[in-house]
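Shown next, in structure tokens, is the structure this report addresses.
The values are calculated or read from the model by the stated rules, or taken from the named source; none is laboratory data. Treat the numbers as computed from the prediction; the structure is a model and nothing was measured. Cβ placement follows ideal geometry from the backbone for every residue including glycine, while neighbour counts extend to all protein chains displayed. Accessible surface areas use protein heavy atoms only, side chains included; no ligands, DNA or RNA. Shrake-Rupley method; radii C 1.70, N 1.55, O 1.52, S 1.80 Å.
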Amino acid sequence: MTPIRLYHTMAREKRVFEPADPKRVTMYVCGPTVYNRAHIGNARPAVVFDVLARLLRHTYGEQSLVYARNVTDVDDKIIDAAREEGVDPSVITDRFERHYVEDMGALGVRTPDIAPRATEHVAEMIAMIARLVETGHAYEADGHVLFHVPSDPDYGALGRRDRDAMIAGARVEVASYKRDPADFVLWKPSDPQVIGWDSPWGRGRPGWHIECSAMIERHLGHTIDIHGGGLDLIFPHHENEIAQSRCAHGGAPLARYWLHNGFLSMAGSEKMSKSLGNVVTVGELLEQGHKGETLRLALLSAHYRQPLEWSSQLIAQSKATLDRLYRSAGEAAAGEVDEGVIEALGDDLNTPLALSRLSAVEDPAMLRASAELLGLLGSTGLEWFQGEGDTRIDDLVAARAAAKAERNFAEADRIRSELAEKGVLLEDGPAGTTWRRA
Ligand code: AMP
Ligand code: ZN
């Protein structure tokens, strides 16, 4: 068995991955808040952890992984979106969960084994909060229930920030009812017109962090093997998940390995985020005619912990790489997996190395099987190239006509020779240009 080494955020180093039980490997990844369409940055963790899931299934057996990715379907941004449209929050969350599933499906992301929704686990959250109150880790104040950070001496071990940085980072405003400025909300009151559930602390709704702790406990257990998400979640979200779960479970750690993907940015700008307005959604990219698999390869072209710059060149390169891989794979069925590709993935999911090794695999059957580990070459060659040749030729013919209209004859001639190289002959007639294959 090829060893898998993973960069464990808490240890700040790569470690050999050893599941607690190789027959039941558990992984949880924080999923989307469903109030808008996923942008291509949001797709990065989905694709990265999908590759990890494929590698784990390959290593430990198809049935040995239990992979859960939650759906955050109660949140103030959802409440705001519902209010704006004058609909129930479930209208918003149903719509955008459906979009998310479709968009990730287009990127070749397999549906996780479990996709728990927060709203379906409020009872579990209330039970966990009650336990934290009973054991002195949480307290009720002004209709809220807060986790008392100083009650957990190990708080902050994941991000290793000092206390002042954590308080500054978490602070929207330090509410007067907090015993300590670092304390965070487990439960908050809901006005009558806002979504809410009855609880021992009155009608309200959960804070963000408690949902993951409660859903992990319910579906995967007290200590899981791998917990993942984007870099931005380390603090406060994951730090708070850790504290809640550990204090509710008598000190048992929440996860044995913590993995975080780096950020995707638009070329020439900072991280892609809605508030910066530099967002391109997966849906838009698909509508522009890019194939999901091309976008997937582009997302895997950089190592998952490195920043990734999104650009049209990156998409074009990824498309060209896939054309080449599909040509090499032909119509072969999947055979054995190439050891070099597994090895690269086993080294902290080194997808750029895995992709370059993939390109060097000569045996088409082996190429297909190895590509499958990366979630690539899912179609037949015929499907991949279908229709596309003609569209591309039509585009070139149109570009040549435009060049001629601008009297740019050099460009028009260049396009004519490019087409000739592809075996396409042009015939200029009174009704425009037609083409045929030589
Ligand atoms: P959200 O729906 O905002 O909760 O985000 C879903 C996931 O996408 C989280 O794991 C985030 O860390 C991740 N994420 C958000 N923006 C980016 C980005 N620009 N690049 C990479 N990951 C991101
Ligand atoms: Zn989470």
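Structural remarks
- Extension gain for the segment SER312 to ALA365, taken as residue separation times 0.36 nm less the Cα-Cα distance, is 16.0 nm to one decimal.
- Distance between modelled label sites at ARG24 and PHE409, nm, 7 Å Cα→Cβ extension: 7.8 nm
- Zone of GLU102's modelled label, taken as backbone nitrogen in the range 17-41 under 18 Å from a point 7 Å along Cα→Cβ: 32-40
- Here, the chain is characterised by an Rg to Rh ratio of 1.05, where Rg is the alpha-carbon radius of gyration and Rh the Kirkwood radius.
- Global geometry of the range 125-225, whether rounded, prolate or oblate, following the gyration tensor of its Cα atoms and the 1.5 cut on a/c: oblate
- For a modelled paramagnetic label at ARG110, 7 Å from Cα along Cα-to-Cβ, the residues of the range 39-82 in reach, with backbone nitrogen under 11 Å, are 50-67.
- For the range 218-352, the square roots a ≥ b ≥ c of the C-alpha gyration tensor eigenvalues yield an a/c of 1.5 or more together with a/b not exceeding b/c, which makes the shape oblate.
- Inter-probe distance in nm under a simple model that places probes 7 Å from Cα toward Cβ, at SER275 and ARG305: 2.7 nm
- Using θ = phi - 60° and Karplus 6.51 cos²θ - 1.76 cosθ + 1.60, couplings along the range 328-333 (whole Hz; Gly, Pro as x): 5, 6, x, 10, 5, 8
- Carbon plus sulfur fraction of accessible area for the range 190-271, probe 1.4 Å, in percent: 52 percent
- Spatial offset of the range 35-102 relative to the range 247-322 amounts to 14 Å, using the alpha carbon center of each.
- Close amide H partners of GLU309, meaning residues 5 or more places away or on another chain with modelled amide H under 5 Å apart, are SER265.
- A 1.4 Å probe run over the protein chains yields, for the range 139-240, 44 Å² of accessible area per residue, whole-number rounding.
- Annotation for the range 92-194: GluC sites (Glu not before Pro) lying in DSSP loop with at most 11 further Cβ atoms inside 10 Å of their Cβ are GLU173.
- Distance between the pseudo-spin-label points of ARG12 and THR434 (7 Å out from Cα toward the beta carbon): 7.1 nm.
- Shape of the range 295-357, Cα gyration tensor, a/c cut at 1.5: oblate
- Structure-based [θ]222 nm, the chain - -39500 (n - 2.57) summed over DSSP H runs of at least 4, per residue, nearest 500: -13500 deg cm²/dmol
- Between LYS77 and ALA320, the contour length at 0.36 nm per residue exceeds the Cα-Cα span by 83.6 nm.
- Of the residues TYR100, THR26, GLY207, the one whose Cα sits farthest towards the positive end of the charge dipole of the chain is THR26 (charges of +1 on Lys and Arg Cβ, -1 on Asp and Glu Cβ, taken about the Cα centre).
- For the range 71-136, the carbon plus sulfur part of the accessible surface works out to 50%, probe radius 1.4 Å.
- For the chain, the longest principal axis of the C-alpha atoms and the axis of helix 239-248 are separated by about 40°.
- Near SER269, no amide H atom lies under 5 Å from its own; only residues 5 or more places off or on other chains count, and H is placed 1.01 Å from N.
- Within the range 155-228, trypsin sites (Lys or Arg not before Pro) in DSSP loop having at most 12 other beta-carbon neighbours inside 10 Å: ARG171
- Solvent-accessible area of the range 281-438 (1.4 angstrom probe, protein heavy atoms only): carbon and sulfur portion equals 51 percent.
- About the centre of its Cα atoms, the range 140-228 shows a dipole size close to 120 debye [charges on the beta carbon of Lys, Arg (+1) and Asp, Glu (-1) only; nearest 20 debye].
- Per residue, in Å², the accessible surface of the range 244-337 once ligands and nucleic acids are set aside, probe 1.4 Å: 44 Å²
- Distant-in-sequence amide H partners of TYR7 (H built 1.01 Å from N, under 5 Å): ARG15
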